[in-house]
Amino acid sequence: MNHQQSQGAGVLADAARAVAAVRGGQSADVALAMFESSAQRSAVRAIALGTVRWYLRLRPAIDTLLARPDTVDRDVHALLVTAAHQIEYSRTAPQKSVHAAVDAVRVLRHAHASGLVNAVLRKFVAGRETLLAQIDRDVARRTAHPAWLVEALTAAWPRHVENLLEADNVHPPLTLRLNPRLRSPEQYLADLAAAGLAGRLVENLGPLAGTTAITLERPVPVAALPGFREGWVSVQDAGAQLAAALLDVAPGMRVLDACAAPGSKAAHVLELTPDVELWALDIDPARLQRVRETLDRLGLKAHLAAADVREPQTYWDGRPFERILVDVPCSGTGVIRRHPDIKLLRRVEDVASFAARQLEILRAAFELLAPGGRLVYATCSVLPEENEGVLERFYAQAPQARTVRLPAERLPAGAVATTRGLQLLTGGAVSTDGFYYACVEKTTAGT
């Protein structure tokens, strides 16, 4: 192999290792972390995530060409699927991808499998049109989603399911949240243009969210963004920028962000209303450090505590909060386009487990809310069991709770009004991630 061939084989081998790790149960972020020091990390990441995105379409095709797929070494099997992704979805010539895979299998120290890799991939190149046409008869395989999720989305959103499945496989935009105290939209669009970057103000987000969302025409590293270190902008999906607006915080209020990592929503609250006492909790100390780093970059201050909101005795001083944000851990089915590994890692039984935990967190947080205060419940899920289902169970147990109706004319275009809140579906008119929001007020002090 010459240097260029060796480099290409190494990238393919590393991407296959990452794919194999995801299939073994690791998140893509963890699987790719081992390649962060590589000069080719961007290429490894792009190939690995692309393969994971389309894995559930490509694996059945590859398995059809194997006599005994379950007996193939995990790394070799992952390499076959990764190479199939390059053949089907990249601009690389198919035969070049086959040659790179044969070289990569040696990098993986499975030289004995080079004949198998060569034969299987040549068959895939020759017959992929017919092979994939057969695979694509099944909507779950055609869209590379687990069957249980397709069934759940079809039941929940029969009119939207095709758009949802398609949106999950589209590369997401890089959307920024502008700090209006430091830069106006017009100024920052000019800053981008001066840096050779093209951006546009996100339209149809609705007056509730304001005009702080800017989408770039092509993603760039954050270091390339004008004023990023100075705190002019942060990376945040346009749909996520609704959370701070829905809280409706006023100066002097005591505010709790109950599940704060990575800190984007807490920072947004402080940018909009600096004169508040904000507490940011997260159960994971390592994730709480990300909150600290976010706030430090933006020059913002908050009380941080590594704590579980369900255990108030470990952090609470007994004074209630006028505003509480509860952005609960969830299935992540609304952010699959950003985290395609969710399609491989989630199981149907996970949803009920998340819902039970979400209800516990919501009930605990509501106990900390002052009479007349507002709590915003948020998920990045598009599954009703984690959203409306949790709220219905909560209201059955919380007579002091009252639903705050959200004015349709102030919400993003395409937002779906639900009984208890609103659902943003992935993609949609504004091209947001999939978010659910519900606003709850406490009517009396109770006993």
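What to note about this one:
- Residue match in segment 273-288 (condition: more than 25 Å from A355 (Cβ to Cβ), touching a residue at least 12 places away in the same chain (Cβ under 8 Å), of a type in the set (V, I, T) and part of a helix (DSSP H, G or I)): no
- Here N169 meets the list (1) surrounded by fewer than 18 Cβ atoms within 10 Å (Cβ to Cβ); (2) over 30 Å from L422 (Cβ atoms) almost entirely, failing just condition (2).
- With a requirement of 1 or more residues that are in the same structural domain as R374 (by TED's automatic domain parsing), in contact (Cβ under 8 Å) with a residue 24 or more places away in the chain and within 18 Å of L375 (Cα to Cα), the strands (runs of 3 or more DSSP E) lying completely within segment 195-272 that satisfy it span 254-257.
- Any helices (runs of 4 or more DSSP H) falling wholly within segment 119-178 and containing at least 2 residues that are over 30 Å from A209 (Cα atoms): 139-142, 147-156
Per-residue answers, yes or no, for (1) crowded, with 19+ Cβ neighbours inside 10 Å; (2) in contact with a helix residue (DSSP H, G or I) (Cβ under 8 Å, 6 or more places away or on another chain); (3) among the polar types (S, T, N, Q):
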{"position": "A224", "(1), (2), (3)": "no, no, no"}
{"position": "V233", "(1), (2), (3)": "yes, yes, no"}
{"position": "L242", "(1), (2), (3)": "yes, no, no"}
{"position": "L246", "(1), (2), (3)": "yes, no, no"}
{"position": "A260", "(1), (2), (3)": "yes, yes, no"}
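- Of the residues making up segment 373-386, one or more are part of a strand (DSSP E or B), modelled with pLDDT of 95 or more, among the β-branched types (V, I, T) and within 30 Å of P146 (Cα to Cα).
Listed here are the residues, each with its yes/no results for (1) touching a His at 6+ places or on another chain (Cβ under 6 Å); (2) assigned to a helix (DSSP H, G or I); (3) assigned by TED's automatic domain parsing to the domain that holds D136; (4) surrounded by fewer than 15 Cβ atoms within 10 Å (Cβ to Cβ).
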site: L12; (1), (2), (3), (4): no, yes, yes, no
site: V30; (1), (2), (3), (4): no, yes, yes, yes
site: V52; (1), (2), (3), (4): no, yes, yes, no
site: D75; (1), (2), (3), (4): no, yes, yes, no
site: V81; (1), (2), (3), (4): no, yes, yes, no
site: A100; (1), (2), (3), (4): no, yes, yes, no
site: R109; (1), (2), (3), (4): no, no, yes, yes
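- Residue check, D296 more than 19 Å from L375 (Cα to Cα) and either outside the structural domain of L178 (by TED's automatic domain parsing) or assigned to a helix (DSSP H, G or I) (or both): yes
The values are calculated or read from the model by the stated rules, or taken from the named source; none is laboratory data. Just so it is clear, the model here is predicted, and its values are computed rather than measured. Backbone-built Cβ (ideal geometry, glycine too); neighbour counts: all protein chains shown.
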